[in-house]
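First up is the structure itself, then whatever we jot down about it.
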Amino acid sequence: MNKLITKIVMIAGTAWLLTSCKKDKWLNPVPTTAISDASAFDTPDRILAQVNGLYAATRSGQFLGGRYHIYGDIRGEEFINMLTNGVTGLQTWNHTLNSNANEVTGLWNAGYQAINQYNLFLDGMIAKGNSIVGTALANNYNAEARFLRGLTYFSLLQLYARPYWDNPTKNPGLPLRLTGNKGRGSGDLVRSPVDSVYQQIIADLDFAEANLPLNYSTAILNTTRAHRNTAIAFKTRVYLAMRKYDKVITEANKIVSASAPFTATSGVAHSLQGDVANVYKTFTTTESIFSMPFTTAAGDVPGTQNQLGHYYSPTKIGTANGGNGEYSLNPAGIISNAGWTAADRRRTFIYTHTDNKQYLIKWPSPSPFPDWVPVIRYAEVLLNLAEALVRQNNTVDARAVALLNAVRNRSDATTTYTVASFADATALINAILIERRIELLGEGFRSFDLLRLGLPIPAKGTATGISPTQSEYIWPISAQELLNNKLAVPNP
């Protein structure tokens, strides 16, 4: 497996050279990328190399290869900062960010650098590539680029813009860049309203669903390249953020059977693993819909202080080397929930270190921390659907209970819910939200869930809580964008 992934990374590196991504000496939030030679689209092999390069840009450690997930969780209440290291998310954790903070500028640059690469690829395909590879393969490749663009814009929205429930047609979202920037042209572009950015995300994902293949030839490719079910699964998350629960249900029903055991009956046969631990060992199971792959090969890791294992694992796991212990688990967070029983298999991801602090060890491999980063899992899709069913129908929905049981029972056979377990729809929703906190712990969802529901960010340790009306509820816009884009406005 490592040899194949390394080969993919080498191809991606070739693509990077072919597109001659040229970093401007000025601090430009839209990286200047110049295609020095149109031959980059001359052959099918060169075009495929560029497709792999799109994934390489997405899995940057500064973006979906690590930091995005970390920021999404440490904003919430599940983790306690241990080292007060300003380089590893301290200001994100305690809500003291400004527009010049490393987190703010680093993630913005990584996201827009990736967006520019997607756009350059799409432009090149229109100019030449489509005719080189033929209609069917061109649609496949263009769909991959558009899936990644939708994924990236959505990810940036979750930090830099107000949630969808808060006046989305008026509140500023992001500069919506849809064509590539090859040189030092003007980067001036207004921030499109939140709703407009979401409309573009949905358009990209709809195109992706219609044009991506049902599957690839190997489990590795089914996990690391977008296929039809990847786009569908991600749309359930997008519509959940928009509170369009009927659409969550419509999308999820395409890949979730009507009753247990829940599976996808077309395309890649997604299903839950019998043992949740397999998801973080094998990496390419049918539960892992889309992940960022890494190996121990030089240059094929997320990079220094970007890796999930570096942040969350203690310095030692037994006698083995661990991470850097940047964040321990908050003893008042989800690990204190009485409903998370001692019999639950997911409790094995919690490790008590010699400092008597508890740490998350979902990603236990030591330096250089090559464990894959999950982006979309089938368990999330089941929980998205369960929540949408209850909110849409405002009832204790029997299928929602069965979906909740599917996720809970595979790790905790001692807990089985029935319709009678819940007094009303609110009680069932609360149980689903608790399950999300347990199942998705450390995978970047806590801030997303709090903000989409309009909930305050709870206090933890020495960090105060943040209400939905405070400016700190979302991140400031990157100072580099504001400097170079005269039409951009800061968040209020």
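Restricting attention to segment 278-317, the residues that are over 20 Å from A219 (Cβ atoms), in contact with a strand residue (DSSP E or B) (Cβ under 9 Å, 6 or more places away or on another chain) and modelled with pLDDT of 95 or more add up to 8. For segment 354-378, filtered to residues that are assigned to a strand (DSSP E or B) and over 14 Å from the mean Cα position of the chain (by Cα), the residue that is farthest from F294 (Cα to Cα) is Q358. Any residue in segment 275-285 that is small (G, A, S), over 21 Å from L205 (Cα atoms) and open to solvent by 50 Å² or more (accessible area, probe 1.4 Å)? Scanning segment 275-285 turns up no residue that is small (G, A, S), over 21 Å from L205 (Cα atoms) and open to solvent by 50 Å² or more (accessible area, probe 1.4 Å). When segment 427-442 is examined, which residues are found to be crowded, with 20+ Cβ neighbours inside 10 Å and either farther than 25 Å from R75 by Cα or touching a strand residue (DSSP E or B) at 6+ places or on another chain (Cβ under 7 Å) (or both)? L428, L441, G442 - these are the residues of segment 427-442 that are crowded, with 20+ Cβ neighbours inside 10 Å and either farther than 25 Å from R75 by Cα or touching a strand residue (DSSP E or B) at 6+ places or on another chain (Cβ under 7 Å) (or both).
Within segment 379-394, at least one residue is open to solvent by less than 60 Å² (accessible area, probe 1.4 Å), touching a residue at least 60 places away in the same chain (Cβ under 8 Å), in contact with a strand residue (DSSP E or B) (Cβ under 8 Å, 6 or more places away or on another chain) and not in a loop (DSSP other than H, G, I, E, B).
When you check D424 against the structure, is it open to solvent by 10 Å² or more (accessible area, probe 1.4 Å), without any contact (Cβ under 8 Å) to a residue 40 or more places away in the chain, acidic (D, E) and in contact with a Leu (Cβ under 7 Å, 6 or more places away or on another chain), yes or no? When the stated conditions are applied, D424 does not pass them.
Within segment 250-257, is even one residue modelled with pLDDT of 95 or more, surrounded by fewer than 24 Cβ atoms within 10 Å (Cβ to Cβ) and closer than 30 Å to L107 by Cβ? The answer is no, given that none of the residues of segment 250-257 is modelled with pLDDT of 95 or more, surrounded by fewer than 24 Cβ atoms within 10 Å (Cβ to Cβ) and closer than 30 Å to L107 by Cβ.
For every residue, the table says whether it meets (1) in contact (Cβ under 8 Å) with a residue 24 or more places away in the chain; (2) among the charged types (D, E, K, R); (3) open to solvent by less than 10 Å² (accessible area, probe 1.4 Å).
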| residue | (1), (2), (3) |
| --- | --- |
| I132 | yes, no, no |
| L148 | yes, no, yes |
| L159 | yes, no, yes |
| D166 | yes, yes, no |
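Considering the conditions (1) under 17 Å from I202 (Cβ atoms); (2) part of a helix (DSSP H, G or I); (3) touching a strand residue (DSSP E or B) at 6+ places or on another chain (Cβ under 8 Å), L240 is excluded by exactly one of them, (3). Scanning segment 57-77 for residues being surrounded by fewer than 24 Cβ atoms within 10 Å (Cβ to Cβ) and either modelled with pLDDT under 95 or among the hydrophobic types (A, V, I, L, M, F, W, C) (or both) gives a total of 0.
The values are calculated or read from the model by the stated rules, or taken from the named source; none is laboratory data. None of these values were measured; they are calculated from a predicted model. Don't worry about glycine lacking a Cβ; one is built from the backbone with ideal geometry, like all the others, and counts go over all protein chains shown. These accessible areas exclude ligands, DNA and RNA; they are computed on the full protein's heavy atoms, side chains included. Shrake-Rupley method; radii C 1.70, N 1.55, O 1.52, S 1.80 Å.
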